[in-house]
1. Kindly provide the set of residues from the range 242-292 that are assigned to a loop (DSSP other than H, G, I, E, B) and of a type in the set (A, V, I, L, M), ordered by number.
2. May I ask you to list the residues in the range 72-109 that are small (Gly, Ala, Ser), modelled with pLDDT of 95 or more and surrounded by fewer than 22 Cβ atoms within 10 Å (Cβ to Cβ)?
3. When you scan the range 202-221, how many residues do you find that are among the β-branched types (Val, Ile, Thr), in a helix (DSSP H, G or I) and either within 20 Å of the chain's Cα centre (by Cα) or more than 26 Å from HIS32 (Cβ to Cβ) (or both)?
4. Within the range 25-78, which residues are of a type in the set (Asp, Glu) and either under 13 Å from VAL242 (Cβ atoms) or touching a residue at least 60 places away in the same chain (Cβ under 8 Å) (or both)?
5. Residue by residue through the range 208-238, note down the ones that are within 20 Å of HIS136 (Cα to Cα) and aliphatic (A, V, I, L, M).
6. Enumerate the pairs (first residue in the range 182-194 and in contact (Cβ under 8 Å) with a residue 12 or more places away in the chain and within 21 Å of GLU148 (Cβ to Cβ); second residue anywhere and surrounded by 12 or more Cβ atoms within 10 Å (Cβ to Cβ) and polar (S, T, N, Q)) with beta-carbon separation below 9 Å, excluding pairs fewer than 6 apart on the same chain, so at least 6 apart or on different chains.
7. Look at the range 175-201 and say how many of its residues are part of a loop (DSSP other than H, G, I, E, B) and in contact with a Leu (Cβ under 9 Å, 6 or more places away or on another chain).
Amino acid sequence: MSETSPQTTPYGTLPPASPLAPRKPVSLPRLHDMRARGEKITMLTAYDATFAAVADAAGVDCLLVGDSLGMVCQGLSSTVGVTLDTMRYHTESVVRGLQRVQGTTWVIADLPFGSYHESRELALRSASVLMQAGAHMVKLEGGGWTTETVRFLVERGIPVCAHLGLTPQTVHALGGYRVQGRGDAASERLRTEALALQDAGAAMLVLEMVPATLSAQLTNELTRCATIGIGAGKGTAGQVLVMHDMLGINLGKNPKFVRNFMIGQDSVRAAMAAFVAAVKDGSFPDDALHAW
């Protein structure tokens, strides 16, 4: 039996680099430029080294080490039970995978429930853990009270992605996984919170299960903050899906806003590349099928 090459591991060889022309590393200025030019930003969740490397090879712009790992990896009923140490572990795993293949993808890590709620100082300590694990940006949920936390982190050199609409960490307070921002009062509150988060320095904003019309309006109004939609229509600056959902390997029924990109493809990498292509050309999402 021949010895393995330096690029080979005995239990799972990471994928080769993309055959496409090498791309420059995705950075915050590049993301701002994409948003300004109208090029859609692509984002998938990732939780380990191999899938992170595959996504990078497929051309995904951003990887979100999401606390959704609590549900898709740990089998929890919500994201509330995910700990900061678990997020650190998975962030390190994703970053190692990208480093092995000289990846260029932008990495965002979720601040889990309870890791930023007590104070701005706690948020800074928690964000520092994830940044030291290799994340380029941290994400937190909610508006209003989070605005000053975002400002505090950004002033200290930590890029922040905010998250409005359906915020899974507070799903019990929201009464379940429901569309948010319906009606004049709810939509105006969401708009006010979004603009405040932009003013506080948030560079990205995930809009989850928000009516498509409202998401498109917010995208036009937020000139310094790139909106990333999930169940929020095609009018956002980019799209994100949970990797397991878009590969058709979740443990339940896919949400309305998900498309199974494995259909018609012969590999995970091809499915991810199909997702990238569909988001870039505007064919996904289809508001008639995937939005409210």
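1. Answer for the range 242-292, where residues must be assigned to a loop (DSSP other than H, G, I, E, B) and of a type in the set (A, V, I, L, M): VAL242, LEU247, ILE249, LEU251, VAL258, MET262, ILE263, ALA291.
2. GLY81, SER93 - these are the residues of the range 72-109 that are small (Gly, Ala, Ser), modelled with pLDDT of 95 or more and surrounded by fewer than 22 Cβ atoms within 10 Å (Cβ to Cβ).
3. Qualifying residue count, the range 202-221: 1.
4. GLU39, ASP61, ASP67, listed by residue number.
5. ALA226, ILE228, ALA237
6. LEU190/GLN180; ARG191/GLN217; GLU193/THR146; GLU193/THR147; ALA194/THR227
7. So the count comes out to 7.
To keep it simple, each residue is scored yes or no on (1) outside any helix (DSSP H, G or I); (2) of a type in the set (Gly, Ala, Ser).
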| residue | (1), (2) |
| --- | --- |
| MET43 | yes, no |
| ALA52 | no, yes |
| ASP56 | no, no |
| GLY59 | yes, yes |
| LEU63 | yes, no |
| LEU76 | yes, no |
| THR79 | yes, no |
| TYR89 | no, no |
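The values are calculated or read from the model by the stated rules, or taken from the named source; none is laboratory data. Being a predicted model, the structure only gives us computed values, none of them experimental. Neighbour counts run over all protein chains shown; Cβ positions are idealised from the backbone, glycine included.
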